[in-house]
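The values are calculated or read from the model by the stated rules, or taken from the named source; none is laboratory data. Not measured: the values here are computed from a predicted model. Don't worry about glycine lacking a Cβ; one is built from the backbone with ideal geometry, like all the others, and counts go over all protein chains shown.
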Amino acid sequence: MRRCARTHAVQVFKSSTTITHMSGATELVVDVEAISDGVILRPKGDVDMARSPVLRTKLTDALKSKPARLVLDLSEVPYMDSSGLATLIEALQTTRKNKIKFIVCNLMPRVRSILEIARLTTVFTVVENRDEALKA
Amino acid sequence: MSEPHIHMRILSRPELMAPVRAMLCELASRAGLNETECGHIALAIDEALTNIIRHGYKNDSDSHIWISVWELENPKGVRIQMDDLAPHVELEKLKGRELDDIRPGGLGVHLIHSLMDSVHFSKRPEGGMRLVVEKLHAHAAANSHANVKHNS
């Protein structure tokens with residue numbers, strides 16, 4: 001069990017890739033889905049100090065190909081701390097530098113709350129859902 | 001100060017943050033705080049732990065953090081104390097940065113102040129830093145603030 005917790009499992013589903021990072025008793029999974037003009041990332045799980053490096057790696061990988069649009073779907077992220085915010089800000093800076101549209105959608109209440117407290121809701125392009133993210 | 005209801009020592013490992021915040025959330029809920037308030041406590045403690053592990057202990061995973069928790073009766077709420085043995089930090093550096101400066105990092109202290117009703121950092125004479133935070137149930141916090149205003 002302990003050995004399994006240190007491995008990364010990779011599974012391929014059609015056009016999406018799932019990377020599982022186990023850290024202690026919990027995990028962060030990031031689904032990656034290709035779209036016509038870019039990519040959608042959908043992390044699943046809490047994004048805190050232990051797990052934000054996984055999201056950072058996936059965002060960095062996605063940005064390497066300089067897509068026209070990067071959508072971060074947070075519909076399955078119930079919790080995020082400032083290390084998660086820092087990861088998002090890093091991605092924002094890269095997207096601005098490379099003129100990539102970076103859209104964040106489907107915020108859960110606690111995640112929306114931390115963005116509001118940090119006064120970041122107007123810094124990011126935040127929309128309600130994935131449909132809006134694809135049109136933004 | 002009376003004996004804490006919970007006193008525990010954890011190792012400075014990021015993977016322990018999730019179980020600690022879950023436990024504190026549960027305790028805060030038992031103490032009468034609502035879901036939003038429990039969420040604020042979880043996030044504030046998470047930020048404090050992150051600061052200790054990353055900046056205090058420089059990501060060393062075998063250092064110690066002591067957490068003490070008191071349930072407050074009148075007004076309803078919780079007090080949480082976190083002690084470490086990291087090098088002393090000048091207190092004026094623990095005020096959080098300006099939010100208009102959009103950059104990664106440096107948000108933790110600002111969040112702790114925003115989320116909790118009282119925040120007090122101090123240098124422990126025996127070495128290390130101490131953070132004491134309190135979160136009161138909204139009704140109690142409103143009355144407490146009103147009393148402060150009335151008395152000032």
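Scanning the stretch B:113-147 for residues that are at pLDDT below 90, in a helix (DSSP H, G or I) and not hydrophobic (A, V, I, L, M, F, W, C) yields B:S114, B:H139, B:N143, B:S144, B:H145, B:N147. Could you run through the stretch B:20-44 and say how many residues are more than 10 Å from B:G77 (Cα to Cα) and acidic (D, E)? Of the residues in that region, 2 qualify. Is there a residue being closer than 28 Å to B:E126 by Cα, away from chain A (no Cβ under 14 Å) and among the hydrophobic types (A, V, I, L, M, F, W, C) anywhere in the stretch B:71-78? Yes: one or more hits.
Annotation note: of B:E92, B:E71, the sole residue that is outside any loop (DSSP other than H, G, I, E, B) and either at pLDDT 95 or above or surrounded by fewer than 16 Cβ atoms within 10 Å (Cβ to Cβ) (or both) is B:E92. Restricting the first member to the stretch A:45-72 and to residues that are farther than 22 Å from B:A48 by Cβ, and the second to residues that are at pLDDT 95 or above and of a type in the set (K, R), the beta-carbon pairs closer than 6 Å and six or more apart or on different chains are A:R69/A:K101. Suppose we filter B:I45, B:I53 for residues that are closer than 16 Å to A:D81 by Cβ and over 10 Å from the mean Cα position of the chain (by Cα); which single one remains? Answer to the selection: B:I53. I'd like to know if the stretch B:23-30 contains one or more residues that are part of a helix (DSSP H, G or I), surrounded by fewer than 22 Cβ atoms within 10 Å (Cβ to Cβ) and within 14 Å of another protein chain (Cβ to nearest Cβ). The answer is yes, given that some residue of the stretch B:23-30 is part of a helix (DSSP H, G or I), surrounded by fewer than 22 Cβ atoms within 10 Å (Cβ to Cβ) and within 14 Å of another protein chain (Cβ to nearest Cβ). Taking each residue of the stretch A:82-106 that is within 14 Å of A:V71 (Cα to Cα) and looking for partners that are of a type in the set (D, E) and part of a helix (DSSP H, G or I) with beta-carbon atoms closer than 7 Å, six or more apart or interchain, yields A:C105/A:E132. Any residue at all in the stretch B:55-67 that is assigned to a helix (DSSP H, G or I) and either away from chain A (no Cβ under 11 Å) or among the hydrophobic types (A, V, I, L, M, F, W, C) (or both)? Within the stretch B:55-67 (the criterion being assigned to a helix (DSSP H, G or I) and either away from chain A (no Cβ under 11 Å) or among the hydrophobic types (A, V, I, L, M, F, W, C) (or both)), the answer is yes, since at least one residue qualifies.
Give B:H150, B:H110 a once-over and let me know the one that is part of a helix (DSSP H, G or I) and at pLDDT below 85. I'd like the intermediate steps shown before the answer.
On the way: B:H110 fails: at pLDDT below 85.
Unique residue meeting the criteria: B:H150.
Using the structure shown, decide if B:E35 is more than 23 Å from A:I117 (Cβ to Cβ) and either surrounded by 18 or more Cβ atoms within 10 Å (Cβ to Cβ) or within 11 Å of chain A (Cβ to nearest Cβ) (or both). Answer is no for this residue.
With the structure loaded, tell me whether A:T121 is away from chain B (no Cβ under 11 Å) and assigned to a loop (DSSP other than H, G, I, E, B) or whether it fails that test. Judged against the criteria, A:T121 is a match. Please go through the stretch A:4-55 and give me each residue that is in a strand (DSSP E or B), within 14 Å of another protein chain (Cβ to nearest Cβ) and at pLDDT below 50, ordered by number. If the condition is that a residue be in a strand (DSSP E or B), within 14 Å of another protein chain (Cβ to nearest Cβ) and at pLDDT below 50, then A:H21, A:M22, A:S23 are the ones that fit.
Scanning the stretch A:79-111 for residues that are away from every other protein chain (no Cβ under 14 Å) and among the β-branched types (V, I, T) turns up A:I100, A:I103, A:V104. The single residue among B:I45, B:I10, B:I41, B:I52 that is within 13 Å of chain A (Cβ to nearest Cβ) and not in a helix (DSSP H, G or I) turns out to be B:I10.
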